[in-house]
Amino acid sequence: MQANASSFPDRDTVAAKIASMSAEDQSWLKLLLENALQEENLLEGLHIFLDQQSQARFLNSLKLEKCGEWFGENAPARMQIRLYEVSKSSQHAAYTAFRAGLSKSRGLEKAYPKAPI
C-alpha cells in the first residue's frame, strides 16, 4: 500500500499544479511540500514544469521567478538544497529565472544560516 501512496500524485499532475499556481494549487503544493514521502514526485514534477517552460514559444521569466520565490519561501529546510540543484540542472533561461526567484526568497540562507565567526 505504501508504494501507491508514494507514487501519488504523479509528476505530470504536479507539473500542471505548478504551471497553474492558483490559490487552490498553492495550498495543494504546500501540503505536498510537508510530506517527505512526496519529495521525489514534487521535484520530478518541477523538472517537467521547467522543461515545458524552456520549450515554450514565449518565456515568461517573471512567472518563473515568482514560482522560484514561492518555492523558496514555502519549501521546508530539507528541500532547499534540492530546489537549488533543480534550478542549476540547466543553463536555459527558464531555469535561470526560477533560480533568481529562489535566491530572492533567501530560503537557502534561512534554512542554513551562516555560523557566527
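The values are calculated or read from the model by the stated rules, or taken from the named source; none is laboratory data. Values in this document were obtained by computation on a predicted structure and should not be read as measured data. Note that each Cβ is placed from the backbone with ideal geometry, even for glycine, and that neighbours are counted across all protein chains shown. Areas reflect the complete protein model, heavy atoms only, side chains present, ligands, DNA and RNA absent. Shrake-Rupley method; radii C 1.70, N 1.55, O 1.52, S 1.80 Å.
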Open item on the list: Of everything in the stretch 54-78, what is within 22 Å of Ala94 (Cβ to Cβ) and touching a Lys or Arg at 6+ places or on another chain (Cβ under 8 Å)? Give them in sequence order.
Closed with: Glu65, Gly68, Glu69, Gly72, Asn74
TODO: Would you check which residues across the stretch 42-73 are under 19 Å from Gly107 (Cα atoms), open to solvent by 60 Å² or more (accessible area, probe 1.4 Å) and charged (D, E, K, R) and list them?
DONE: Lys63, Lys66, Glu73
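Scan the stretch 82-117 residue by residue and report those that are in a helix (DSSP H, G or I) and either in contact with a strand residue (DSSP E or B) (Cβ under 9 Å, 6 or more places away or on another chain) or modelled with pLDDT under 95 (or both).
Pass one, the stretch 82-117, residues in a helix (DSSP H, G or I): 82-87, 93-105, 107-111.
Selection gives Gly107, Leu108, Glu109, Lys110, Ala111.
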TODO: List every residue pair whose Cβ atoms lie under 7 Å apart, where the two residues are 6 or more positions apart in sequence or sit on different chains, the first residue falls within the stretch 15-37 and is assigned to a loop (DSSP other than H, G, I, E, B), and the second residue, located anywhere, is open to solvent by less than 60 Å² (accessible area, probe 1.4 Å).
DONE: Met21/Cys67
